[in-house]
Amino acid sequence: MNKRKIFSYIFLTIILGVIPAGSWYYLRDGLRYRKERIGALNAFGNWGKDLQIKLINGKPFNADSIRGRFVVVSVFDPADSSDKNQIAASQQLQRFQNAFGPERPDIFCLSLPTPKSDSGLIAAYAKRYKANPKVWHIAQANDQISVLYDSLHLQQNAKAKDGIHDPYFTLVDNKFKIRNYYDATKVAEVNKMVEVISIIMPPKAVPSIKYRKPEER
């Protein structure tokens, strides 16, 4: 067997054997990763079906506002702007809104202030962290906030002390179900949350451009 035939045999072996096997392994590993991430989700009950609040811009915000969308819910105390955990959580929300942006209206954040919070302090919080109202919705304080906060079940399910000074993000899916809790002070935890959302709700494919012949225009 001459060198040319040996080279051809090696080349065909790589094309027909090694590359397909590597592709299969890569796809299998990716599928397993997706299953692990999705498998980590749970069902901690419903949230948001009775939602009836107003945002700081005065717009009403209710169950229809989140229907069919994924929502990252957080709780904050605008009167405690120096709390290091709250600062860390707010910075993570900034990362989140920058990662998804207004081009993904099916995914957004909702921050609930502590009940009876001063409206001026809430507005100052939104300005401090440059909250984009198209992505990061911040609620006014009202009587329903306590009910919404309690229904997150942070102490019971996330083992949080109060969910404010040890903040957690609550992931609510597009069917009003609480799917998981993520430590808002840890970058790795927030990255997991972003990965899960990206896997379950990937960006919609950009439609292909169809060219028409001049006589068809």
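Subtracting the Cα-Cα distance of Lys84 and Asn174 from their residue separation scaled by 0.36 nm leaves 29.3 nm.
Counting neighbouring Cβ atoms within 10 Å and putting the fewest first, the residues Phe76, Phe44, Phe108 line up as Phe44, Phe108, Phe76.
Of Asn174, Ile164, Tyr129, whose Cα points farthest to the positive end of the dipole of region 127-174 (charges on the beta-carbon: +1 Lys, Arg; -1 Asp, Glu; origin at the Cα centre)? My answer, from the dipole projection, is Tyr129.
Between Ala188 and Lys161, residue separation times 0.36 nm minus the direct Cα-Cα distance comes to 7.7 nm.
Once both labels are positioned 7 Å from their Cα atoms along Cα-to-Cβ, the gap between Lys54 and Ser146 label points is 2.0 nm. Each Lys and Arg adds +1 at its Cβ and each Asp and Glu adds -1 at its Cβ; summed about the Cα centre, region 42-85 shows a dipole of about 260 debye. Just how many % of Cα pairs in region 64-211 lie over 18 Å apart, if you round to the nearest whole percent? Of the Cα pairs, 56 percent sit more than 18 Å apart. Annotation for Gln91 and Asp106: the two label points, set 7 Å from Cα along the Cα-Cβ direction, are 3.2 nm apart. With K and R counted +1 and D and E -1, the other residues having a Cβ less than 12 Å from that of Asn85 yield a net charge of -3. Taking other residues whose beta carbon is less than 13 angstrom from the beta carbon of Gln144, and scoring Lys, Arg as +1 and Asp, Glu as -1, yields 0. For region 57-142, averaging the sequence separation of C-alpha pairs within contact (under 8 Å, six or more residues apart) and dividing by the residue count gives a relative contact order of 36 percent. Available extension along the chain between Ala63 and Ile199 is 46.5 nm, counting 0.36 nm per residue and deducting the alpha carbon span.
Throughout, read-outs are computed from the coordinates displayed, never taken from laboratory work. Because the structure is a prediction, the values reported are computed rather than measured. Don't worry about glycine lacking a Cβ; one is built from the backbone with ideal geometry, like all the others, and counts go over all protein chains shown.
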